[in-house]
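Visitor: Sharing a structure below in structure tokens format, with a few things to ask.
The values are calculated or read from the model by the stated rules, or taken from the named source; none is laboratory data. Just so it is clear, the structure is predicted and the values come from calculations on it, not from any experiment. Backbone-built Cβ (ideal geometry, glycine too); neighbour counts: all protein chains shown. For accessibility, only protein heavy atoms count, side chains too; no ligands or nucleic acids. Shrake-Rupley method; radii C 1.70, N 1.55, O 1.52, S 1.80 Å.
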Amino acid sequence: MVRRNGVRLRDVADRARVSSTTASVVLGGRADEFRIAPETRDAVLEAARHLGYVRVPSSRRSRASTPPLWVILTPSDFESGPIRQFFEGASAFVRDNGLAVDCMVLPFERGRLSEKSQWITPEFARGAIMVGLTDEDVAFIDEHSFDIPIALYNRTARGCASVVVDDYGAGRTVMQHFLERGLRQFAVVAPPHASRALSLRTVGFSDTLRQSGGADSSAQVQQVFADVYDAAGFDAAIDAISIDERTGIFVLNDQMVARVMEGLTRRGLTVPDDVEVVSYGDSPINTVVRPAVSSVRVPVDEMSLECARTLQQSVTNRDAMIGVIRSFETTLVVRASSPATV
């Protein structure tokens, strides 16, 4: 976009009394696609006409005029540790390769990536790394074409390159460990939002039990959903887990593990005597709670660097990188909550 007499997109949005996102969608000719009300569309177009604002199609912009910025889009409730790792990883790649580009973290609400569409444009950045997307966010990417290259962390979508981890294999590893420990009852504690990565962890976990062929293969995996921001609801979810015999609980996200441990203690259950717990992510919280929690370690540092490398290759030759998927493996770090089998 260009500005006439210093007019900004924000000025048009303010005059039309809409958000900058809505103004960007309307001025981009996508009002019908986003189901913008006709009166809202007309208000934005009138404001732009009155102020003399002109939108120039991004195809007419040269690379040199694109801001030298990579934006890292991440959920606002994402753990601070991985966010820092991604920012530092991307920044280190930029610095070590002498690239004339800056990195910036831009938070968004899970499932509402579409509200940040104005930042996924050449008017704002040369490329984007996206982390922690829900199924709704991936659907938004699948349904739209973007004028900048995008690298996805642990997700895949049309028109993008991806750096993923073997989540199905992670679920298999945890169940195999529980079976080796002689456990006979199992549960998965999942966050309330949906994503392919979370589903793969659960499917790998359940498939391995079903394929084990032993006496325990007919057991069912209980699945409960718990929101760490809803204390009462979280406690109710933990209380809903049936524990009639020694049980293995797979916590699909480290953000939940402390509350899971508190809930089990409140129920009078002892870890690991009554219940064994393995989490996913291996963040520092796993060594802070007592007993220390076994966890699936994800090579986030290596993957953050690979995301940056993948994005730079996409900037250089976007067509060659579309659909490219680079995969990493996880490892199980065994601690007191579910110790190694002797």
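Visitor: Given a 1.4 angstrom probe, what's the average accessible area per residue across the chain, in square angstrom?
Guide: 46 Å²
Visitor: Summarise the accessible area of segment 264-306 (1.4 Å probe, protein heavy atoms) by the percent that is carbon and sulfur.
Guide: Values: 970 of 1800 Å².
The computed percentage sits at 54.
Visitor: Expressed as an acute angle from 0 to 90° and rounded to the nearest 10, what is the orientation of the C-alpha long axis of helix 80-96 relative to the principal long axis of the chain?
Guide: That helix lies at roughly 60 degrees to the long axis.
Visitor: If you don't mind, another one. Once every Cα of the chain carries one equal point scatterer and solvent is ignored, give the base-10 log of I(q)/I(0) from the Debye formula at q = 0.06, 0.08, 0.10, 0.15 Å⁻¹, two decimals.
Guide: -0.27, -0.47, -0.68, -1.17
Visitor: Assign unit charges at the C-beta atoms only (+1 for Lys and Arg, -1 for Asp and Glu), then state the dipole size of the chain relative to its Cα centre in Debye, rounded to the nearest 20.
Guide: Around 1300 debye, computed over the chain.
Visitor: I would also like to ask the following. Nothing charged except the Cβ atoms of Lys and Arg (+1) and of Asp and Glu (-1): what's the magnitude of the dipole of segment 106-259 about its Cα centre? Round to the nearest 20 debye.
Guide: About 400 debye.
Visitor: Roughly how far apart, in whole Å, are the Cα centres of segment 153-205 and segment 260-282?
Guide: Each part's Cα centre sits 19 Å from the other's.
Visitor: Which part of segment 115-141 falls in the paramagnetic zone of Ile325, meaning amide N under 20 Å from the point 7 Å along Cα-to-beta-carbon?
Guide: The answer is 129-141, whose backbone nitrogens lie closer than 20 Å to the label point.
Visitor: What 222 nm value per residue comes from the helices of the chain, counting each DSSP H run with n ≥ 4 as -39,500 (n - 2.57) and dividing by all residues, nearest 500 deg cm²/dmol?
Guide: Value at 222 nm, helices only, nearest 500: -11500 deg cm²/dmol.
Visitor: Report, in debye and to the nearest 20, how large the dipole of segment 268-334 comes out about its Cα centre when Lys and Arg carry +1 and Asp and Glu carry -1 on their Cβ.
Guide: Working: 5 positive and 9 negative charges, 61 e Å.
In debye, rounded to 20, segment 268-334 gives about 300.
Visitor: Something else: Within segment 169-259, report the chymotrypsin sites (Phe, Trp or Tyr not before Pro) that DSSP leaves as loop and that have at most 13 other Cβ atoms within 10 Å.
Guide: Loop-located and lightly packed - Tyr229.
Visitor: Grab the beta carbon distance between Arg95 and Glu115, set R0 = 25 Å, and tell me the FRET efficiency rounded to 0.05.
Guide: The calculated FRET efficiency here is 0.20.
Visitor: For Val342 and Arg267, what does the FRET efficiency come to when R0 = 30 Å and r is the distance between their Cβ atoms, rounded to the nearest 0.05?
Guide: Computed FRET efficiency for Val342 and Arg267 comes out at 0.60.
Visitor: Would you check the accessible area of His50, probe 1.4 Å, heavy atoms only, in square angstrom rounded to 10?
Guide: We get 100 Å² for His50.
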